[in-house]
Amino acid sequence: MKILNIGSMNLDFVYSVDHIVTTGETEASTSLDIFLGGKGMNQSVAAAKAGAEIYHAGLIGEDGKIFIDACKQHNVNCKYIETTEGKTGHAIIQRDKNGQNCILLFGGANRKLTKDFIDNVIADFSEGDILMLQNEVNMLSYIVDCAHHKKLQIALNPSPFNECLADVDAGKINYLILNEIEGEQMTGQAKPEAIIEKLLAMYPSIKIVLTLGENGAIYADKNSIHYQPAYKVTAVDTTAAGDTFTGYFLACISENMDVPLSLEFAAKAAAIAVTREGAVPSIPLKEEVTLFLNR
């Protein structure tokens with residue numbers, strides 16, 4: 001089973017600060033690091049490091065060749081990455097002394113997908129393959145419609161949550177992977193159990209993975225529910241934790257691993273990732289996660 005990710009690629013400019021800047025405040029940064037990121041790229045690398053057959057599709061600017069090199073380094077198939085005019089997407093990230101962060105995105109090339117590009121990519125995939133999506137590229141509803149027509153399994157991480165998602169037919173989504181904030185934005189409910197109940201009432205056939213940060217994650221569908229605790233580590237940088245979880249979970253599902261074990265792999269991969277700086281560089285290899293599991 002193959003995984004296709006039509007997703008974002010961002011250059012991450014990470015500024016280390018004592019605390020996240022608030023309105024009207026000026027604060028000096030103690031350092032600046034530049035990493036490869038973007039929710040799409042992060043999730044593709046996570047899936048690849050988990051052992052999946054993963055293809056990344058998307059657009060970069062003339063300054064984005066480094067993403068091609070990174071894909072080759074991390075065993076992500078990059079045949080569907082193309083170059084367009086203008087700048088590659090980028091993010092400005094503040095990271096505080098506790099490892100927490102806030103992120104400002106510039107879409108750049110990520111927002112230049114066309115119907116022809118999408119049609120040509122999806123044509124190469126077959127019924128049962130997994131399509132991994134986030135909300136950092138344009139034409140998301142068109143991508144979902146095309147993938148559903150081809151009978152791909154569609155996994156959506158609705159992040160960042162904004163008005164573009166209103167055009168997406170969520171009834172065509174197989175896996176919805178989201179955090180508590182996104183869950184509340186979708187349902188108007190704050191408690192995890194209420195979020196899940198509302199989502200299943202809205203979309204009875206959907207499979208939900210609700211991540212709860214330091215409180216773990218919950219998987220739920222119309223027939224079952226599984227709780228996965230988080231693993232206690234000292235956080236250095238939480239930037240790619242959710243993306244690592246998503247990529248690992250879907251990679252495990254693509255290998256027909258059962259849900260509880262897929263959740264465990266994903267949770268432990270995310271725990272390792274937050275102990276390291278950066279997005280792509282923080283994502284662990286499957287061998288590291290296996291060793292963590294065996295402890």
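The values are calculated or read from the model by the stated rules, or taken from the named source; none is laboratory data. Keep in mind it's a predicted model, so treat the numbers as computed, not measured. Note that each Cβ is placed from the backbone with ideal geometry, even for glycine, and that neighbours are counted across all protein chains shown. Remember, those area values only see protein heavy atoms, side chains included, never the ligands or the DNA or RNA. Shrake-Rupley method; radii C 1.70, N 1.55, O 1.52, S 1.80 Å.
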Quick one: how many residues across region 1-60 are of a type outside the set (A, V, I, L, M) and out of contact with any strand residue (DSSP E or B) (no Cβ under 7 Å at 6 or more places or on another chain)?
12
Here's a check for you: in region 24-56, which residue that is among the β-branched types (V, I, T) and assigned to a strand (DSSP E or B) is nearest to I143 (Cα to Cα)?
I54
Would a scan of region 184-204 turn up a residue that is free of Cβ contacts under 8 Å to residues at least 40 places away in the same chain, within 28 Å of T88 (Cα to Cα) and open to solvent by 10 Å² or more (accessible area, probe 1.4 Å)?
no
Taking the stated definitions as given, is E136 open to solvent by less than 60 Å² (accessible area, probe 1.4 Å), closer than 19 Å to D243 by Cβ and of a type in the set (D, E)?
yes
Report every pair of residues separated by at least 6 positions or lying on different chains whose Cβ atoms are under 9 Å apart, first residue within region 113-126 and under 10 Å from I143 (Cβ atoms), second exposed (fewer than 13 other Cβ atoms within 10 Å of the Cβ) and at pLDDT 95 or above.
I122/H149
Inside region 71-104, can you point out the residues that are within 17 Å of the chain's Cα centre (by Cα) and open to solvent by less than 20 Å² (accessible area, probe 1.4 Å)?
C71, V76, G89, A91, I93
On the basis of being hydrophobic (A, V, I, L, M, F, W, C), open to solvent by less than 20 Å² (accessible area, probe 1.4 Å), in a helix (DSSP H, G or I) and closer than 21 Å to G38 by Cβ, does V209 make the cut?
no
Across region 256-295, what is the number of residues that are over 13 Å from the mean Cα position of the chain (by Cα), under 23 Å from A70 (Cβ atoms) and not in a helix (DSSP H, G or I)?
7
Mind checking which pairs have a first residue in region 53-79 that is under 21 Å from K2 (Cα atoms) and a second that is in a helix (DSSP H, G or I) and open to solvent by 60 Å² or more (accessible area, probe 1.4 Å), Cβ under 7 Å, 6 or more apart or different chains?
C78/K72
